[in-house]
Structure formats: C-alpha cells, structure tokens
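Here's the structure, in structure tokens; my notes come after.
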Amino acid sequence: MKVVVLEKDYMARHASGSNAGSVHHISRLVPELPLAEVALTMWNEIEALLDDDCGFQRVGHLKLAESPVDLESMIAAAERLRSACGIVEQFVEADRLRDIVPELGRGHVGAIFSPHCGQAQPARTVRAMRRKAQRHGTTFVEGVEVREVGRRAGVWEATGKGETYSAPVLVNCAGAWGGTISACVGEPVALTPLALMVTALSPMRRLLGPVIGLASRLLSVKQFNNGSVVVGGGYRGTPLLAEGRAELDYGKLGYNLQAAVETLPHLKAGKIVRCWAGLEGRSPDGLPIIGPSATELGLWHAFGFSTHGFFLGPAVGRMIADEILGLPARLSLAPFGIGRFLALTVHSRATALQIRNQEI
Amino acid sequence: MSADPRPEHPTDPAGCVIQGVTMIRAVGTKRLEGVSYETPRETATLPAACLLLHPGYESDTHLARLMGLDHEWIARERCWRTRTDRSGRSSNDKVFVVGDCRRVDTVAASRLSGAIAGIETAHDFGRVTSSESHRRRAALLEKVEADRNAEGNGRSFHISPPHSRRLPDDVVVCGCEGVTAGQVRDEAAAGTWQINAVKSNLRCGMGPCQGRNCEAAVRELIAEHHEDLAQIGALHIRPPIRPIAITEMIALGLPEVPPEAVVPRTVRS
C-alpha cells in the first residue's frame, strides 16, 4: 500500500512537535481508557516499533492530591479506571511520597503512581516515525496546505497549492484544522483551537524522577536527562489559527509556574529559557474524533485530540490502519465517531449537555 | 576599504595585519598554543597565547521579531532587517526601531536616529506641526548621511557569510546545543531547508541564546543546498529573549486558578 502524507507546513511544526512530551493517560476520560491502554503498551515498546527510542523514559507519572477532597476524587477515578482498562495504578500514602520524590513540598495527602507512564521527545518521535515510514515507501510532501477534498468516481482528491493528489482512501489527520477538512464533506466539527503553553527551564541538578501532576488543578513537571525541566499541564494562551501561531498569556503562565513551585519548591531557583504554545484542537466533548466518515466511503478521521494526541498517537495510527486494511478491530472506536456531533445539530441543547456530562 | 598603515607580512607578529583570511583555527592540546590561518596565498601557523574572535556585527532583531514586526531580507548584507520608514517607524505604528537594532551604523547616525524618531513621536502627539517635524528630521537626516560618508566610516560590519561555507563538518556552529556544521549540511541535503524545520530537527536555536550566535551560520550552511536565503527564513523567537528567573514570571501570575485549569471532580458511584 502506497501512502502519501500531505503536510501544510513542515513535519512537527504544530502540536506534534510543540507539546510537552507527556506519555500518560487521563483517568477521567473513561471512554478513552481502552485506547489509552493500547497506546501505553505501544510507547513501552516504541524502540521496537520505530527503531528509535524517541527519548521515551518510563519514569512513571505521579498524580498528587492536595486535599482530602482531591483524594476522594482521585480514588473514585482510580476505581472507574480499574473497571475500564488494565492500566496499572498504585495508591501512594502521604508518608511514602518523599520516597518517590524527595524534593516534594509539604501538604500532599496522597497520590496515584502509574509506573508504565513517562515522557518522550516529540520532534524526535515525529522524525523517527517519518524515517521508518519512508523506509516502507511512504512519501512526505511538505508545504502543501490541502484546501479541498472531494470524492470523484470512487477516488479521493485532495487539492492544495495548485496540485491535486488522488487515492482510494483518505485519512483526515489535520489536527487543529481537522474540522475544516471534515466540513468539506459535510461533516463539520466545531473544534476549539487551543494554544497550550509550555515552559522550558535551563538545566538544573537532576532531581526529578516521575512526571509530576496534580489531581484538582492542571500541572505537569518533568525533567530530562540533560537536566532541563519542562513545565506545562494545559494552560491556554491565545491561538491565532489563521496565522499559524499563538500568543502567550502571562497571567496564566505565571500561575502555572506558581503551581509548579508550590509542588516542587526547589524549582524556585529555576531560570526560564523559553516559553511557547503549539496549536491543537479541542473537540466539543473533549474526546477525539477517530474512525470512518459518517457520510462517505473511503474516508477516515483522526483529529481533535483535545490536549493528549501525542500520547494516543501510536495507538490511533494502528487502529485506523487496521480498519483501512480490513483487519479485525482490537477495540471499538464507537465512542469517537464523528457522527456524534452531526447528531448534536439535530438534538436539543439539553440532550447535548447530557451527553457531555456522562464524561465528567 | 581604507589602507591600513600596519605591515602585512608577519615578520614581527606583534601588531601586524593579515588580510584576506578565509579560515582561522585554534591550535593546541590542553591550552591554546597557536593560531592557524589560510589566505589565498598561504597557510601558516602563528604561536599565540590568546585568541580574540570577532565575527562582525549584525542587528539584533530578536525583540522586533518577537513583537511580530515586519522584516525584510537585505540581500547585499545577507541578513534580515526590521522594516521601517526613514523615521524608524515599524509596521506597528506605535513602535519605532532605532539605533543598532535597526541597522549597524556609525555612532553619530545611531544617536541621530533616536532624535529623528523622537521628533516623529512629538508630531504624533501634536507637539510639533507636520512641517516643523519634516524640517527638523530633514536636517538630522542630512547629518546622518554626512557622517556615514565621512572618511573611514563607509564600511558595513555585517557578518561575512562565505566563512560558513568553508567550515569543516566537525565544527560546532550551535554552542548551546552542540550542533555541528556537518549536521546542518546533512539536514539541508536531505531536503530540510526551512531554518525552523532544521531547528526542530537538530535543536540549533533552542538554547538560551536563541540563535544569536548561530543563526547566520546555520542559514548559510542550509544555503549550500538551497540558494534562496530569504526563503530559508528566520528562527521563530520565543519569550523571554534573555533567560529570566522563574520568580519574575510568577510575579505576573493570576492570583487564582484559571477556569480551564480546574480538573472536574470524579464522584464515587
């Protein structure tokens, strides 16, 4: 099977290269957990898959509860996760926290530790995927922004920059721009563009093991082998989708870093080397759009990953490929069908809220 | 170029000038012992205890680029320059760019560029009339031209690009991230010619200096495979343009958690 990838800028230009490299599941997104389990397994075998370890380090993920209410919520989420998938999570008592992270600030009442989670290097991962795909005959075309897609006589045509590319099968993985592509075939999805901010600190003494997160407010802190620290978690800058860039919101960024210093006081000595925000798309219900088109044959969607596309990426690729090849599905993609948004235009607003509340 | 009175030939290395140098190499094992150089006529090594290198001047456009001001490619100097009118007003009419960060210039011209922008600003605020502003700026612009043309002042000091093209592959061009000339050449040879794509792949320009030291060299190395220098582009600049303490950013922070950062609670069923 011959594959052509059409990239509007250059590989890893947007979300795939600018995310913070977190490799862990999001416990409260229950419909996604079976897919997350596949992704986690694939990340733990990424070197065999891509002939490059992609900088993946299985340092684990430690999610901290800052209050008894946090703890309750965290335990409830862990119970739901246990019924939904086989991802390993271990409860850590307050008095054991500093065994795992000696630099932890005071006041945390417990944590969930996910030993198979960790961190990886986004740009490096994209390059590794590209190299491997090229070895299998995939062609990568950069600098072509596909503006139109349509199906003619059973063949898909994608047009951009005066060129038309044709194939029997089309996969829409256009990230924050995925809704624009799906609109071409009458399946619009109102993605909310997001610009998630990330801060890189200059190398510090290597102190941190697992990726650190919090239960009730967004935070992610990780440290790489060269000592550099990356802080994020999902704080939003201002996306400028048409310009292909984002502006930072220093009020939120400052709060993000404050949360990091409260959790790990030694970061107070940190120096900021640079801050950035990539562009990605959030779907109306926070779950990705993965699976066949609801209106056309030979078209698959894989977009709207709502802040966690880097982690899910390998599994989603596998699922879509299996579907295209007609192989038996490992798990159902029904929760991610694009049809759920088309239905929303018909249902009342109250019903739409009901669907969304099931995820909370 | 004006004639230099010092002797060219290094019979007495102290105080001589060697011109037309195309390669400089520091020589030594545990410490600097000498300096090798190449000119079209010769290759030689001089004993040396100290080597001072100066790659030339280039306007620092980082702040202007971060502000999103328009820039133009100056082909004869092989560099990007913030686009301004003669008064220094940029593509953002509230922002003037003056002095060395606009163009490398004589000392007097740089100082006068500030005064010229000041007069235009006064006009913006209605403190001087149009004709007054025009008259005073014209007078200063004359002084600027006179100073530029004065004896010995005519040189431009931009980085001389051909040196990059002679760099051996193993020379480190990005000191922050340890990227060699060879690595950049390999990327360009493989078809990656946008400077930000090379940055994404090799990390050159991601260190604390954000390309201040390496951008020109990286661009010229890419140009060995992709001639259109303007197309190669300029590195995306990210804030802060100099490293700052984390506490400085925290001081700008919101006092309370922003709504999107609150994680929805899970209740026990």
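The values are calculated or read from the model by the stated rules, or taken from the named source; none is laboratory data. These numbers come from a predicted model, not from an experiment. Every residue, glycine as well, gets a Cβ built from its backbone with ideal geometry; the counts of neighbours run over all protein chains shown. The protein model used for the area step is the full one, side chains on, heavy atoms only, and it has no ligands, DNA or RNA in it. Shrake-Rupley method; radii C 1.70, N 1.55, O 1.52, S 1.80 Å.
One residue stands out in the stretch A:47-86 among those that are within 11 Å of chain B (Cβ to nearest Cβ) and of a type in the set (Val, Ile, Thr): the one that is nearest to residue A:105 (Cα to Cα), namely A:69. Annotation: residue A:97 fulfils all but one of (1) assigned to a loop (DSSP other than H, G, I, E, B); (2) at pLDDT 95 or above; the unmet one is (1). Set side by side, the residues B:59, B:91, B:87 differ, and just one is open to solvent by 50 Å² or more (accessible area, probe 1.4 Å), of a type in the set (Gly, Ala, Ser), in a loop (DSSP other than H, G, I, E, B) and closer than 30 Å to residue B:113 by Cα, which is B:91. Among the residues making up the stretch B:236-250, those that are facing chain A (nearest Cβ under 7 Å) and open to solvent by 30 Å² or more (accessible area, probe 1.4 Å) are B:238, B:243, B:244, B:245, B:247, B:250.
Restricting attention to the stretch B:256-269, the residues being facing another protein chain (nearest Cβ under 7 Å) and either among the small types (Gly, Ala, Ser) or open to solvent by 60 Å² or more (accessible area, probe 1.4 Å) (or both) number 5. All of B:233, B:211, B:207, B:253 fail the test of being in contact with a Leu (Cβ under 8 Å, 6 or more places away or on another chain), more than 7 Å from chain A (Cβ to nearest Cβ) and not β-branched (Val, Ile, Thr), apart from B:211. Looking at the stretch B:22-43, which of its residues are closer than 17 Å to residue B:168 by Cβ and part of a strand (DSSP E or B)? Selection gives B:23, B:24, B:25, B:26, B:27, B:35, B:36, B:37, B:38, B:43.
Evaluated against (1) away from every other protein chain (no Cβ under 14 Å); (2) modelled with pLDDT under 90; (3) touching a strand residue (DSSP E or B) at 6+ places or on another chain (Cβ under 9 Å), residue B:160 falls short on exactly one condition, (3). Suppose the filter is touching an Asp or Glu at 6+ places or on another chain (Cβ under 9 Å), among the charged types (D, E, K, R), open to solvent by 40 Å² or more (accessible area, probe 1.4 Å) and within 14 Å of chain B (Cβ to nearest Cβ); does residue A:135 pass it? So residue A:135 fits the description; yes.
In the stretch A:232-273, the qualifying residues are those that are surrounded by fewer than 21 Cβ atoms within 10 Å (Cβ to Cβ) and part of a strand (DSSP E or B), and the one that is farthest from the other protein chains (Cβ to nearest Cβ) is A:238. When the stretch A:139-184 is filtered for residues that are in contact with a Ser or Thr (Cβ under 6 Å, 6 or more places away or on another chain) and either of a type in the set (A, V, I, L, M) or without any contact (Cβ under 8 Å) to a residue 12 or more places away in the chain (or both), the ones remaining, listed by number, are A:155, A:157. Taken over the stretch A:283-302, residues that are of a type in the set (A, V, I, L, M) and within 16 Å of residue A:26 (Cβ to Cβ) amount to 2.
Which residues, taken from the stretch A:315-331, are without any contact (Cβ under 8 Å) to a residue 12 or more places away in the chain and in a loop (DSSP other than H, G, I, E, B)?
Within the stretch A:315-331, the subset without any contact (Cβ under 8 Å) to a residue 12 or more places away in the chain is A:321-322, A:326-329.
Passing the criteria: A:326, A:327, A:328, A:329.
Is there a residue being under 24 Å from residue B:208 (Cα atoms), of a type outside the set (S, T, N, Q), away from every other protein chain (no Cβ under 13 Å) and open to solvent by 20 Å² or more (accessible area, probe 1.4 Å) anywhere in the stretch A:189-206? Can you show your working first?
Step one: filter the stretch A:189-206 for residues under 24 Å from residue B:208 (Cα atoms), giving A:195-206.
Add one more test, that the residue is of a type outside the set (S, T, N, Q), and what stays is A:195-198, A:200-201, A:203-206.
Next, only the ones that are away from every other protein chain (no Cβ under 13 Å) stay: A:205-206.
If we keep only those that are open to solvent by 20 Å² or more (accessible area, probe 1.4 Å) as well, we get A:205-206.
Yes; the residues of the stretch A:189-206 include at least one that is under 24 Å from residue B:208 (Cα atoms), of a type outside the set (S, T, N, Q), away from every other protein chain (no Cβ under 13 Å) and open to solvent by 20 Å² or more (accessible area, probe 1.4 Å).
In the set (1) touching a residue at least 60 places away in the same chain (Cβ under 8 Å); (2) in a strand (DSSP E or B); (3) open to solvent by less than 10 Å² (accessible area, probe 1.4 Å), residue A:221 fails one condition alone, (1).
To keep it simple, each residue is scored yes or no on (1) buried (at least 22 other Cβ atoms within 10 Å of the Cβ); (2) acidic (Asp, Glu); (3) away from chain B (no Cβ under 14 Å); (4) within 20 Å of residue A:222 (Cα to Cα).
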{"position": "A:3", "(1), (2), (3), (4)": "no, no, yes, no"}
{"position": "A:7", "(1), (2), (3), (4)": "no, yes, no, no"}
{"position": "A:11", "(1), (2), (3), (4)": "no, no, no, no"}
{"position": "A:22", "(1), (2), (3), (4)": "yes, no, yes, yes"}
{"position": "A:28", "(1), (2), (3), (4)": "no, no, no, no"}
{"position": "A:37", "(1), (2), (3), (4)": "no, yes, yes, no"}
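Inside the stretch A:87-125, residues that are away from every other protein chain (no Cβ under 14 Å) and in contact (Cβ under 8 Å) with a residue 12 or more places away in the chain make up a count of 27.
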